[in-house]
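Down below is the structure, laid out as structure tokens.
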Amino acid sequence: MTHRNVSRIAVFASGSGSNAENIVNYFRQEDSRAEVALIVCNRAEAGVIARAERLGVECVVIPRPEWAEADTVIQLLADRGIDYIVLAGFLLMVPPALTARYAGRMLNIHPSLLPRYGGKGMYGRKVHEAVVAAGETVTGITIHRVTERYDEGAPVFQATVEVSPADTPETVEAKIHALEKQHFPRVIAETFLGKQ
Ligand code: GAR
């Protein structure tokens with residue numbers, strides 16, 4: 001068995017990739033036990049692709065049809081020696097063969113206090129629209145294990161933020177992004193690698 005000191009993380013993202021960028025920078029600046037060695041994206045027009053290029057992190061686009069079978073992504077992860085997977089705004093179902101292979105080594109972030117405002121169709125801005133429409137006074141983030149059942153893996157961390165009557169989906173989204181930025185990389189590090 002070869003021994004590597006630095007664990008290799010793949011971040012899966014479908015959108016702007018602000019969390020992906022934050023995670024890349026965290027492991028460059030704050031914690032050298034791991035690095036983001038790969039970003040995997042399912043949309044050729046996603047903002048995360050330009051971010052990855054700017055950051056100098058390899059980014060591979062796997063189009064949606066190829067996710068039905070896990071072979072392409074499993075081969076890619078094996079080729080790159082990936083130890084851990086982080087879903088950061090990744091909007092496709094992860095194939096069961098992949099969740100099984102990375103059992104205990106995969107985390108997702110969801111922009112609400114699960115089990116509230118989770119499940120199919122609940123992602124990004126749609127979650128914040130629902131929270132505001134329901135008149136919630138509190139929302140937050142959930143970081144959880146990934147299983148083959150959407151948004152249902154065991155939570156490892158939640159943080160809350162107040163919602164005021166003046167808030168809109170846009171202002172709630174900004175608050176949630178700030179919470180994600182503050183907590184997600186450290187929770188990834190502590191879950192996979194333990195406290196520094
Ligand atoms: C984040 O807020 C993340 O919690 C959410 O998508 C956003 C991605 O932003 N994820 C989901 O809704 C998953 N169901 P980003 O692309 O700027 O990191």
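For the residues E45, E21, E53, the requirement of being among the charged types (D, E, K, R), modelled with pLDDT of 95 or more and buried (at least 20 other Cβ atoms within 10 Å of the Cβ) singles out E21.
When you check T171 against the structure, is it at pLDDT 95 or above and touching a Pro at 6+ places or on another chain (Cβ under 6 Å), yes or no? Taking the combined requirement at face value, the residue does not satisfy it. Taking residues in region 32-61 that are away from the ligand (no atom under 12 Å from the Cβ), and partners anywhere that are basic (K, R), the pairs with Cβ atoms closer than 7 Å and at least 6 places apart or on different chains are E35/R8; A37/R8; A37/R80; L38/R80; N42/R64. Looking at region 62-111, which of the residues that are within 13 Å of the ligand (Cβ to nearest atom) and part of a loop (DSSP other than H, G, I, E, B) is surrounded by the most Cβ atoms within 10 Å (Cβ to Cβ)? Only one residue tops the list, namely P111. Checked against (1) within 22 Å of Q182 (Cα to Cα); (2) modelled with pLDDT under 95; (3) of a type outside the set (K, R), P65 meets all criteria but (1). Residue count for region 170-182 under the criterion of being in contact with a strand residue (DSSP E or B) (Cβ under 9 Å, 6 or more places away or on another chain) and within 11 Å of the ligand (Cβ to nearest atom): the result is 6.
When R186 is tested against (1) under 15 Å from the mean Cα position of the chain (by Cα); (2) under 22 Å from T99 (Cβ atoms), only condition (2) is not met.
The values are calculated or read from the model by the stated rules, or taken from the named source; none is laboratory data. Bear in mind that the values here come from a model prediction, so they are computed numbers and not experimental data. Every residue, glycine among them, receives a Cβ derived from its backbone with ideal geometry; neighbour counts consider all protein chains shown.
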